[in-house]
1. Using a 10 Å cut-off around each Cβ, can you sort Phe101, Phe94 from fewest to most neighbouring Cβ atoms?
2. Scattering from the C-alpha atoms of the stretch 236-294 alone, worked out with Debye: what is log10 I(q)/I(0) at q = 0.13, 0.18, 0.30 1/Å?
3. Would you mind checking which residues have amide H under 5 Å from Ser168's amide H? H placed 1.01 Å from N; only 5 or more apart, or other chain.
4. How much mean residue ellipticity at 222 nm does the chain get from its helices, if each DSSP H run of length 4 or more adds -39500 (n - 2.57) and you divide by all residues, to the nearest 500 deg cm²/dmol?
5. Output the relative contact order of the stretch 240-435, whole-number percent, from Cα pairs under 8 angstrom with separation of 6+ residues.
6. Hey, can you list the DSSP H helices of the chain whose Cα span along the axis is 27 Å or longer and whose average Kyte-Doolittle score is at least 0.0?
7. Counting only DSSP beta bridges with both residues in the chain, tell me the antiparallel percent, nearest 5.
8. Run the numbers on the chain and let me know its relative contact order in percent, using alpha-carbon pairs under 8 Å that are six or more apart.
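Each value in this text was obtained by applying a stated rule to the coordinates, not by laboratory testing. Bear in mind that the values here come from a model prediction, so they are computed numbers and not experimental data. Note that we place each Cβ from the backbone using ideal geometry, even for glycine, and neighbour counts take in every protein chain shown.
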Amino acid sequence: MLKIILLFTDIIAISASYSLAKFLRYHGDVHYIPNQLTTFLFLIFVILLINYLYNLYNHYYYVQSGRVFFKLVNVWINSFIAYVIIGFLTKFYFLNNSRGFIFYFFFITYPLIVSYLRIFIIPRILIGYFSKPERRTICKYIGPEDKFIQFNQFFEENPIIGLNLINSNTNDEKLKTSEIFLFSVAKEFGSLYKELKEHSLIGKKVHIVTNLFNDLPLRWEWCKIGNLPIVSLKINGEKKWQMIVRRIIDIVISSILLIILLPFFVIVAIAIKSDSPGPVIYKQKRCGKDGREFTLYKFRSMYNNSSHEKREKDFQKFIENKTQKAKIVNYNEITKVGRILRRTSIDEFPQFFNVLKGDMTLIGPRPPIPYEVKYYKDWHKDRLKIKPGVSGLWQVYGRGSMPCDSSIFLDLIYALNRSLTLDIKLLFQTVPAVILGKGAY
């Protein structure tokens, strides 16, 4: 219901902004304007999509309006960039190329109207909606007794969140709850993951409060109480139809990309061969779902004199000393062309063949090398329960800039929270992460 309200508000804002910008540009003239329908539909699609990517259909964010404002600024910037780039690439074949219209829409009408609706009107609607106690979600508190009063007071003072916190330690008769509110004092990600698994149920939402999230680049929190971020996860069990849809998406996208990238692969192959002796494609054994080994394909980015034993010792240091993975890489072993391939993630492109074969999926944990699994802690091994992917939370939010436990915890968060919509979101977020070389090593 609330998502529909927010979605409907955006459609109203875009429609009003579009009509007003057109009125201002053409001085109220109602004659036919080329591409007006396709321009309007494009704006609807792009802005709603970017709103979704920035979690603007999650009403929890309205508890701190500053977060909503900065998300709206990001949506405005990205939608403007998308309009200009798509228009330039298509020579404005289906978009309005009037500079006046573009200026009025993106710099006057849309920012003003959407800010007014989202920051001033929507909070009032949410407060009115949750003014009736029966509309609030009963949430079971799990954590130290002394913290319950602080959190409960926060929710009572902010009815816009729509949560009614129940203390599990004192309210046994009210434990038929819809959601879980977990406050963890864990000092390590392994302990936090075990708590999360213990209190999670498939189909239930879990709100997690822990200081450990301050050590992650995830930034999924919808607010902070003091310095403690609150992150909400929906524990999703994978259904058969979702597996089928995910496999269809894998086949279609990987096939299209391989066809488009084939000429580029030839150029990369020539560059690799001219830079150093050795094969173009590097084949390596990796562990897939349930630990099953398969052959992974990459463009070769290193010389062939790197010792297997040395790499294993380096990984052991990485997992035991909590260092960033980028810091254990010996850059003297990487070729000149290989540095470019790694920085841009082009070396990973042949893995679309692995996706097509079914060894991997587009989004999932990165497949580990067998010797890496040998040094896994018990809780690390849960990342092997789902099929590995070309990209995922770790690639989008950190890659080589994160210690081992942090990166594996991100993979496990993805596994618990996995859904087709999250996969689509991560696919879109992978593109800027690759272009910017975020955390590449």
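1. Neighbour counts put them in this order, fewest first: Phe94, Phe101.
2. Rounded to two decimals, the profile gives -0.62, -0.91, -1.07.
3. Answer set, sorted by chain and number: Tyr141.
4. The per-residue figure over the chain is -15500 deg cm²/dmol.
5. 24
6. Result, helices passing both filters: 2-25, 65-89, 240-275.
7. 50
8. This gives 12 percent for the chain.
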